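The block underneath contains the structure these notes are about, expressed in structure tokens.
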Amino acid sequence: MKNLWYKDAIIYSLDVETFMDVNGNGIGDFIGLTKRLNHLAGLGVTCLWLLPFYPSPNRDNGYDIMDYYNVDPRLGTLGDFVEFMHQARDRGIRLIIDLVVNHTSNQHPWFQSARSDKNSKYRDYYVWTDNPPKDAQDKVAFPGVQESIWEYDEQAGAYYLHRFYKEQPDLNTANPEVREEIRKIMGFWLELGVSGFRIDAAPFLIEPLGMENAKREELHNLLSDMREFVSERRGDGVLLAEANVSPDQIPLYFGDGDRMNMLFNFLLNQYIFLALAREQAAPIIEGLKTLPDTPHTGQWVNFLRHHDELTLDGLTKDEQQEIFAAFAPDETMQIYGHGIRRRLAPMLGGDRHRLELAYSLLFSLPGTPLLRYGDEIGMGDDLSLEGRTSVRTPMQWSNTQNGGFSTAPQDALTRPVISEGEYGYQQVNATTEQRDPNSLLNWMERVIRIRQQCPELGRGKWCILETDEPSVFAHCCEWEGNTVLTVHNLAKQPCTVTLKLKDFKPKHLMELFANRQYEPFDGNSSSIEVDAYGYRWFRSDSVL
Ligand code: GLC
């Protein structure tokens, strides 16, 4: 039997730097994270994804790495990491870490050697040219803040490729020695107990840009190599790729089940926001139908927001404008032309009903759900901070100084804690919400608990139920003889909707979860009542 633990996982992503500071220097650390593991275990998280925590000059929030085999001294030591791993494992929490090998920092010793010595073996670790192509501007990842993807290096006397900031030279993944380095890095962290890796910028890892001599097939095979290596070293090890690509490209990443185990569901993510903006179910249905089939071992990771901008690049300009108008009307809320740099709670106007609806959707959609730190308490954003930093402020633990994140003086904090307005730590924090039985935090614990009782959602076959109400999204997931049925009303008007149950004749339908107590619906009649922004979850259990 294959170990498909990730299909039942509740993933939570966080950045050690902004989670909890124990030594009082204003920067989160591994000791702080370890102390907060009980919060995560209590919430029901089963797998953490840690953003890069390696030594880095921090040009790109740690995604510019100087040393793959260490912990950034600002965050702790390797010893602290191992202690954290041990404590996480004791609570049944697994760990996935970011593997950023599309590029290194320009401060990495490999690049230092490559640029200063043409004969260095590291020269061929990077991608060089004497004549950069003219269309280099079109391909920048950060329009407006990055001018080109080729940078002239005086010392090297040549241009190097950088898909992201110029401080992040791209590695030459066609070079077998670079591939060997990638394996070694994975082997190191697997040995320390991680359950897998989030593959950063996967499409750029395997693109032939600047490596025209490399065979496309061989580049793509990097994904199979990585998977083979991980599986050999750790049978239940997984790879989760960041690949925001069109549906026809997806099979490249899953392979025949011999490449990535999981992909972030960028496609569905954008359609969910379109559906929320229009208050209509059709975009979610379209999004789901656009997804290609996955192999048995393949899984989608569904999310609403993460640490980057909410990218809408898969939608038309008009659709993007609809979403901007609904959730990010001010230009300061937008970024890179097609992105939004806001957290979910402020996007939805702090409306608790809409927030519950959005998260209920997230947890019920087929796949594995991903939550981001601070989502559980409804944290806001700080638009006065530059770029994507707006959604990367410290976790708000309590209503004490600096939101309980750190005892350092305010001006020594790695980033300011949100301390004003509706989303200030005085109101929005874990401790206050824990005391309040009606808080978002307590609701989130409940939805996660219910989700964990419904393995059908992570593992089953899904189908969409037709309804006579455009604002209602109804779907069910079936696995091993049981079915979960959920109904979501995306509109601000309540409704009574008729579900076209067709062949679906649920037996012993039990209501598991809803935005309030409704009159029972047992599946015998097909009309069902749902509040404005309401939701209802049912499960038919053959064992009952
Ligand atoms: C990924 C990360 C993003 C980073 C980029 C470059 O897209 O999510 O934060 O800037 O890779 O490493």
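The values are calculated or read from the model by the stated rules, or taken from the named source; none is laboratory data. Please read all numbers here as calculations on a predicted model, not as lab measurements. Cβ coordinates were reconstructed from backbone atoms using ideal geometry, including for glycine residues, and neighbour counts include every protein chain displayed.
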With the condition kept exactly as written, say whether any residue in the stretch 144-151 is part of a strand (DSSP E or B) and at negative phi.
-> yes
Yes/no for Leu95 being buried (at least 19 other Cβ atoms within 10 Å of the Cβ) and either out of contact with any helix residue (DSSP H, G or I) (no Cβ under 7 Å at 6 or more places or on another chain) or in a loop (DSSP other than H, G, I, E, B) (or both) | no
Looking at (1) more than 15 Å from the ligand (Cβ to nearest atom); (2) closer than 24 Å to Ile340 by Cα, which is the only condition Gly157 fails?
-> (2)
Listed by range, helices (runs of 4 or more DSSP H) wholly within the stretch 197-261 having at least 3 residues that are more than 24 Å from the chain's Cα centre (by Cα) are 216-233
Boolean, Val140 is within 16 Å of the ligand (Cβ to nearest atom), outside the structural domain of Leu370 (by TED's automatic domain parsing), under 23 Å from the mean Cα position of the chain (by Cα) and surrounded by 16 or more Cβ atoms within 10 Å (Cβ to Cβ) = yes
Out of all the residues in the stretch 508-517, is one or more closer than 12 Å to Leu357 by Cβ and not polar (S, T, N, Q)?
-> yes
Candidate set from the stretch 340-365 (those that are more than 21 Å from Thr393 (Cα to Cα) and small (Gly, Ala, Ser)); member that is surrounded by the most Cβ atoms within 10 Å (Cβ to Cβ) | Ser364
Any residue in the stretch 418-436 that's closer than 23 Å to Leu37 by Cα: show its pairings with residues that are of a type in the set (D, E, K, R) and assigned to a loop (DSSP other than H, G, I, E, B) at Cβ separation under 6 Å, as long as the two are six or more apart or on different chains.
-> Ile418/Asp382
Pairs returned, first residue in the stretch 292-310 that is at negative phi, second residue that is of a type in the set (Lys, Arg) and away from the ligand (no atom under 16 Å from the Cβ), beta-carbon separation under 6 angstrom, 6 or more apart or interchain, are Gln299/Lys7
Which is among the β-branched types (Val, Ile, Thr) and away from the ligand (no atom under 16 Å from the Cβ), of Thr393, Thr407?
-> Thr407
Search result, residues across the stretch 102-127 that are under 13 Å from Asn175 (Cα atoms) and either hydrophobic (A, V, I, L, M, F, W, C) or crowded, with 16+ Cβ neighbours inside 10 Å (or both) = Asn102, Tyr122, Arg123, Tyr125, Tyr126, Val127
When restricted to Ser390, Ser398, the only residue modelled with pLDDT of 95 or more, surrounded by 16 or more Cβ atoms within 10 Å (Cβ to Cβ) and part of a loop (DSSP other than H, G, I, E, B) is Ser398
Evaluate the following for Val194: is it at pLDDT 95 or above, of a type in the set (Val, Ile, Thr), crowded, with 18+ Cβ neighbours inside 10 Å and assigned to a loop (DSSP other than H, G, I, E, B)?
-> yes
Being under 17 Å from Pro109 (Cβ atoms), in a loop (DSSP other than H, G, I, E, B) and more than 15 Å from the ligand (Cβ to nearest atom) is the filter here, so list the residues in the stretch 160-178 that pass it.
-> Asn172, Asn175
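Condition check ((1) within 21 Å of Pro455 (Cβ to Cβ); (2) touching a helix residue (DSSP H, G or I) at 6+ places or on another chain (Cβ under 8 Å); (3) part of a loop (DSSP other than H, G, I, E, B); (4) not aliphatic (A, V, I, L, M)) across all residues:
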site: Tyr12; (1), (2), (3), (4): yes, yes, no, yes
site: Glu17; (1), (2), (3), (4): no, no, no, yes
site: Val22; (1), (2), (3), (4): no, yes, yes, no
site: Asn25; (1), (2), (3), (4): no, yes, yes, yes
site: Gly28; (1), (2), (3), (4): no, yes, yes, yes
site: Leu33; (1), (2), (3), (4): no, yes, no, no
site: Ala41; (1), (2), (3), (4): yes, no, no, no
site: Leu48; (1), (2), (3), (4): yes, yes, no, no
site: Pro52; (1), (2), (3), (4): no, no, yes, yes
Take the residues in the stretch 199-215 that are among the small types (Gly, Ala, Ser) and within 16 Å of the ligand (Cβ to nearest atom), then tell me which one is nearest to Asn261 (Cα to Cα).
-> Ala202
